[in-house]
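Written below as structure tokens is the structure these notes are about.
Read-outs throughout are calculated quantities, based only on the coordinates presented, and are distinct from any laboratory measurement. Just so it is clear, the structure is predicted and the values come from calculations on it, not from any experiment. Note that each Cβ is placed from the backbone with ideal geometry, even for glycine, and that neighbours are counted across all protein chains shown.
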Amino acid sequence: MKQKTVAILEARVSEQMADLVRKYGGTPVSAPALSELPDIDPAHISELLDEWDANPPDLFIFQTGVGVKALLATTDALGSTDRLLRVFARARVVVRGPKPTAVLRSREVRIDLSAQEPYTTTEVLSELEGTELAAKRVVVQRYGETNRELHQELERRGAKVIEIATYRWGLPADTAPMAELIGALGRNEIDAVAFTSASQVHNLFTVAQRMGRADVLAKDLSRALVASIGPVCTAALKQHHVRVDIEPHPPKLGPFIKALNDALSQR
């Protein structure tokens, strides 16, 4: 990675990623492509709790640590967290990965099923194999946007899906760094681009469209080494006809940057 320029689209842990790039001798270029916007309605949560007291859900599926924190922060403010925890205790609890697991365990919530690496919808559904879902009430904590694959499969198996919105993904308030990155890609000034979520991909193409460069962005990206954190992100890149050069296993930050360094060292 020495003397290589690596574009980072991550927002939340951008500095951590930048430090890892510098550790390997690279030059990070930060272009945050995602913002998390609160999208939780306390009044709706109160209504759900009233309903669940009389008709409790059979299953909860938690997908992100940020979303679980937002839900619990809301019930804390409402003084209703004890009610929510009692509802959890009466249901089966499924988690998608270590981050929601950590938040739930901090509140002593029992976890019944936990998806395996790489923590995608496929692994969640695999954990639910053999679980009877017909006529069951399944609560899904949404992250960013509706997980349509999960939602549709649960409904296909006869479940009644209740979705809780906790936050949504949007464009950053300042898209200038993204525009600068798109320009740099066009000038072939970027050696590698690191994507850590599908929404980053879609947002980058949204900004490119505004600039009138959507048609050439995939071609410009093809001149750089494209790294994807995991299969969901890879699918988004392929949707935009972008070749993916790196997808680490497991899909974690350390292996991700190491794989990027190894690939760049061979170029």
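A few points about this structure:
- Projecting label points 7 angstrom from Cα along Cα→Cβ for residue 222 and residue 86 puts them 6.1 nm apart.
- FRET efficiency for the residue 152 to residue 214 pair, using the beta carbon distance and R₀ = 35 Å, is estimated at 0.80.
- Taking the chain and dividing mean pair separation by its residue count, relative contact order in percent (alpha carbons under 8 Å, at least six apart): 21
- Applying a threshold of 30 Å to the alpha-carbon distances of 99/238; 23/99; 99/136; 136/238 flags 136/238 as lying beyond it.
- Estimated [θ] at 222 nm from DSSP helical runs (n ≥ 4, -39500 (n - 2.57)) normalised by residues in the chain, nearest 500: -14000 deg cm²/dmol
- Beta bridges from DSSP with both residues in the chain: antiparallel share about 15 percent, rounded to the nearest 5.
- A Cβ-based charge dipole, computed about the Cα centre of the chain with Lys and Arg at +1 and Asp and Glu at -1, lands at about 660 debye.
- Dipole magnitude for the range 37-170: about 200 debye, using +1 per Lys or Arg Cβ and -1 per Asp or Glu Cβ, origin at the Cα centre.
- Per residue convex hull volume, Cα atoms of the chain, in Å³: 129
- Length gained on full extension, residue 46 to residue 78: 10.7 nm, using 0.36 nm per residue less the C-alpha separation.
- Packing rank of 79-87, 32-40, where each peptide gets the mean count of other beta carbons within 10 Å, highest leading: 32-40, 79-87
- Overall form of the range 37-170 per C-alpha gyration tensor (a/c, 1.5; a/b vs b/c): rounded
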